[in-house]
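Participant: This is the structure I have questions about; it appears just below.
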Amino acid sequence: MTFADDGAVGITPPLERRGRMWLLWSFVLCPCHLPLSLAALAAVFGGTAFGAVLRDHAWFAGTVITLTWLAGTGYGFWLIRRSQQSDGACGLPGTPERVRVDEPPRP
């Protein structure tokens, strides 16, 4: 039985929901939002040692934010793809076992 077969309409599998949340939070770190992200971080950490490091090493901070976005987006898509492939036994990961028609059923 899968989530689509149990009669409940609109229920998202937990693995897909986690993947969507990863994509949502990765969107916040998207490189197109980098000026806003760096400005927000500088405002929050202004006057601290971390704020000074962030100001002096903006290229490094931008690289870290971009790599974090890339990793989070990739992981989110991987979770969604894994959820779509796990339509087998009660939503468990993996594919259902295939049985040939000409074989007798296994005990």
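Participant: Can you work out which of the residues in region 76-107 that are in a helix (DSSP H, G or I) and on the phi > 0 side of the Ramachandran plot is modelled with the highest pLDDT? Show your work before the answer.
Facilitator: Start the filter on region 76-107 by keeping residues that are in a helix (DSSP H, G or I), which leaves 76-85, 89-91.
Narrowing further to those that are on the phi > 0 side of the Ramachandran plot: 90-91.
On the way: CYS90: 52, GLY91: 48.
Per the stated criteria, the residue is CYS90.
Participant: Looking only at region 15-59, count every residue that is at pLDDT 85 or above and open to solvent by 70 Å² or more (accessible area, probe 1.4 Å) and tell me the total.
Facilitator: Residues that pass the stated criteria total 22.
The values are calculated or read from the model by the stated rules, or taken from the named source; none is laboratory data. Small disclaimer: the values here were computed from a predicted structure and weren't measured. Just so you know, the surface numbers come from the protein's heavy atoms only, side chains and all, with ligands and any DNA or RNA stripped out. Shrake-Rupley method; radii C 1.70, N 1.55, O 1.52, S 1.80 Å.
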